[in-house]
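Working notes, beginning with the structure itself.
The values are calculated or read from the model by the stated rules, or taken from the named source; none is laboratory data. Predicted, not measured: the structure shown is a model, and the values here were computed from it. Using ideal geometry, Cβ is built from the backbone for each residue, glycine included, and neighbour counts are taken over all protein chains shown. Remember, those area values only see protein heavy atoms, side chains included, never the ligands or the DNA or RNA. Shrake-Rupley method; radii C 1.70, N 1.55, O 1.52, S 1.80 Å.
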Amino acid sequence: MAGVEFENVEEALEKGLSGRELDEVTRILYGKKLEKLEIPLAAVAAAEKAGFEVKGYIATAQREQLRAPRKVRIAAIQNAIVLPTTYPVAEQRHAIFMRIEQLIDAAALCGANIVCLQEAWTMPFAFCTRERLPWTEFAESAETGPSTQFLQKLAGKYNMVIVSPILERDEAKDEVIWNTAVVISNKGHVIGKSRKNHIPRVGDFNESTYYMESQLGHPVFDTAFGKFGINICYGRHHPQNWMMYALNGAEIIFNPSATVGGLSEPLWGIEARNAAIANHCFTVGINRVGTEAFPNEFTSGNGLPAHKDFGHFYGSSYVACPDGSRTPSLSRTKDGVLITEVDLNQCRQVKDHWGFRMTQRLDLYARSFTEAAKPDYKPQIIRDF
Ligand SMILES: NC(=O)NCCC(=O)O
């Protein structure tokens, strides 16, 4: 989209509505209103100085007699690339590292326990080009690569778990490239990794040129601050993908993404939120911001002229809760840190209330999926002719 980008849906609602009408529209669209979390002055000052946004919310649970509250502060970080895509790879990456350090420092000031970065955060989202060099040079070892080493220091320093979605080169196995999220513990060691399960072949998202679907299943990481899984970007369109992380015990499912307004924006606020409701867990949608232009033109396979940019990455990161409530979004245009204090006890409380797990009938669907996956499957249709 050319010209000035529209800033934020919630701000537009607040400009147009007020009083009881605003409260009712917000309740119906967003669920129970989440209280604001006070952001420490040092974080506000750092954000103002460096030109990013910090917002905070609190998602409560009922008090229980036998379980203490399990409060965890989740930080979702969204950002634009810093240097043009024509700069040397090492310089582009270093500039992003420096920016991410500012954002993580601010998250730490807000007491973040788990931080998740956006998909392929170390690089421009160059997969639209279908070119290999220089973009594949951003790929690195999940266990020992530069971004892992960089984040290990911050994780240890701030006692925070960090989810780092990168372009991985599996140095131990055929040097193949993967779209991977590395999980770094609050002590600074690599706990493990999860890979993207569903690879897009839509619009300019030509990612199947670079990497294949994960063979690692749906790992859930049991960390000092709760159990979570990572459903990378396009996987959010697949309800079964969310469901499998939840069945493996995830209380939080992160959805680090890179997606543009022209393609997916009307779906964005629905999919992660619906997954939180359906699976009795918290979900965290994180999307990059900005417009990234590439040196060479590429086409979108739709008959329109070749072009050099992808369109606008609309940010709008948010957290959705098991009870259907959600935070407002971060900006559509600015880098930002969204801090959400959640009480993980809400997962089981909502599970007991709505009972979707109890009524899910996995055995029925297991049989149906097995049949539907057969090449000679006949859909169950009853015809009126
Ligand atoms: N990165 C990625 O998977 N993007 C696909 C587009 C979308 O799912 O919105």
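Observations on the model:
- The residue pairs whose first member lies in the range 215-239 and is over 17 Å from K71 (Cα atoms), whose second member is open to solvent by 40 Å² or more (accessible area, probe 1.4 Å) and within 14 Å of the ligand (Cβ to nearest atom), and whose beta carbons are closer than 7 Å, counting only pairs six or more residues apart or on different chains, are Y234/H198; G235/H198; H238/H198.
- Exclusive hit being more than 16 Å from the ligand (Cβ to nearest atom) and open to solvent by 10 Å² or more (accessible area, probe 1.4 Å), set A95, A106: A95
- Scanning the range 127-156 for residues that are among the hydrophobic types (A, V, I, L, M, F, W, C) and closer than 24 Å to V284 by Cα yields a total of 6.
- Residue among G19, G51, G56, G31 that is at positive phi, surrounded by 13 or more Cβ atoms within 10 Å (Cβ to Cβ) and at pLDDT 95 or above: G31
- Filtered residue count, the range 291-305, keeping only those that are part of a loop (DSSP other than H, G, I, E, B) and among the aromatic types (F, W, Y): 0
- Of the helices (runs of 4 or more DSSP H) contained entirely in the range 1-102, those carrying at least 3 residues that are of a type in the set (A, V, I, L, M) and touching a residue at least 12 places away in the same chain (Cβ under 8 Å) fall at 41-50.
- Test result for L117, closer than 18 Å to S208 by Cβ, within 16 Å of the ligand (Cβ to nearest atom) and in contact with a helix residue (DSSP H, G or I) (Cβ under 8 Å, 6 or more places away or on another chain): no
- Which numbered condition A42 misses (of (1) surrounded by 17 or more Cβ atoms within 10 Å (Cβ to Cβ); (2) over 29 Å from Q349 (Cα atoms)): (1)
- The single condition from (1) away from the ligand (no atom under 14 Å from the Cβ); (2) in contact (Cβ under 8 Å) with a residue 40 or more places away in the chain that G145 fails is (2).
- Cβ pairs under 8 Å, 6+ apart, first in the range 270-297 and on the phi > 0 side of the Ramachandran plot, second open to solvent by less than 10 Å² (accessible area, probe 1.4 Å) and of a type in the set (A, V, I, L, M): H280/A246
- K308 passes every criterion in (1) closer than 26 Å to G51 by Cα; (2) charged (D, E, K, R); (3) in a strand (DSSP E or B) apart from (1).
- Some residue of the range 255-265 being more than 14 Å from the chain's Cα centre (by Cα), within 21 Å of I184 (Cα to Cα) and not basic (K, R): no
- The one condition from (1) open to solvent by 30 Å² or more (accessible area, probe 1.4 Å); (2) acidic (D, E); (3) over 21 Å from V350 (Cβ atoms) that E10 does not meet is (1).
Residue by residue, here is whether (1) under 22 Å from A80 (Cα atoms); (2) modelled with pLDDT of 95 or more; (3) in contact with a Leu (Cβ under 9 Å, 6 or more places away or on another chain) holds:
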site	(1), (2), (3)
T122	yes, yes, yes
A126	yes, yes, no
A139	yes, yes, yes
T144	no, yes, no
V163	yes, yes, yes
I184	no, yes, yes
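- Residue check, L338 within 30 Å of A107 (Cα to Cα), among the hydrophobic types (A, V, I, L, M, F, W, C) and in a loop (DSSP other than H, G, I, E, B): no
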